[in-house]
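Only one structure is covered here, and it is reproduced in the block below.
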Amino acid sequence: MDCCELRKADAGMLAAIEIMRQEYIDAGSEIVGAGPLYRMASIDEWWDFTKKLEDPSTVPENWVVSEQFVYQRKSDGKILGMIQFRHYFNAFLEIYGGHIGYSVRPSERRKGYATRMLAACLLVCRDFGLERVLITCDQNNEGSRRTILANGGVYEKSVYKVPENVYLQRYWIEL
């Protein structure tokens, strides 16, 4: 199916990202794979932060160099989801976050987009030079678990994340 494409986020997408952000907020759904988009005051504040993540000299403390992508439907340009590729780990990501975070907007879930979006991002990771990637998901997120498994994820172990009182499952995908 050639309906969609993974694209690096750019300033021309901000209005569409803001519409998607509002959908997440209205649904009470967290936006994984977009950094602090959910909790930032404005889309412009988020965009400035996202640009800082791309440059090793401007990455804020406790963050890592990251690239922000969107998964966009070709027929109408609708952004279906967000995915962030983190080039390396800090102490937090090494245990709880991994190389990739992703989510599909609430109105487009359960249509197979997450699986294809992750597959496309894995190619970016491979081209970057990674040989394997770590991805985590909440133990109760069956959709994310299936997405990871469909892309070759191999379960390693579960870890307890204290602040959220949740177990996260860790998966490795060989590239």
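Rule-based calculations on the coordinates, nothing more; no lab input. The model shown is predicted, which means the values in this text are computed figures rather than measured ones. When we count neighbours, we look across all protein chains shown, and the Cβ atoms used for this are built from the backbone with ideal geometry, even at glycine.
Values for this structure:
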{"quantity": "Karplus-derived 3J(HN,Hα), 6.51/-1.76/1.60, for each residue of region 99-105, Hz, glycine and proline x", "calculated": "7, 9, x, 8, 7, 10, 4"}
{"quantity": "Per-residue [θ]222 nm for the chain (sum of -39500 (n - 2.57) over DSSP H runs n ≥ 4, rounded to 500)", "calculated": "-9000 deg cm²/dmol"}
{"quantity": "Burial ranking of peptide ranges 106-117, 64-75, 10-21 (average Cβ count within 10 Å, highest at the top)", "calculated": "64-75, 106-117, 10-21"}
{"quantity": "Two-decimal log10 I(q)/I(0) for region 29-77, as the Debye equation yields it once each C-alpha is a single scatterer, q = 0.13, 0.14 Å⁻¹", "calculated": "-0.35, -0.40"}
{"quantity": "Long pairs among 8/157; 8/51; 111/161; 8/52; 8/78; 52/161, criterion Cα-Cα beyond 22 Å", "calculated": "8/157; 111/161; 52/161"}
{"quantity": "For q = 0.09, 0.12, 0.17 Å⁻¹, Debye-computed log10 I/I(0) when each Cα of the chain counts as one equal scatterer", "calculated": "-0.28, -0.52, -1.12"}
{"quantity": "Region 79-175, dipole about Cα centre (Lys/Arg Cβ +1, Asp/Glu Cβ -1), debye to the nearest 20", "calculated": "300"}
{"quantity": "Relative pair counts by distance (%), Cα atoms of region 108-175, 5 Å bins", "calculated": "4, 17, 26, 22, 17, 12, 3, 0"}
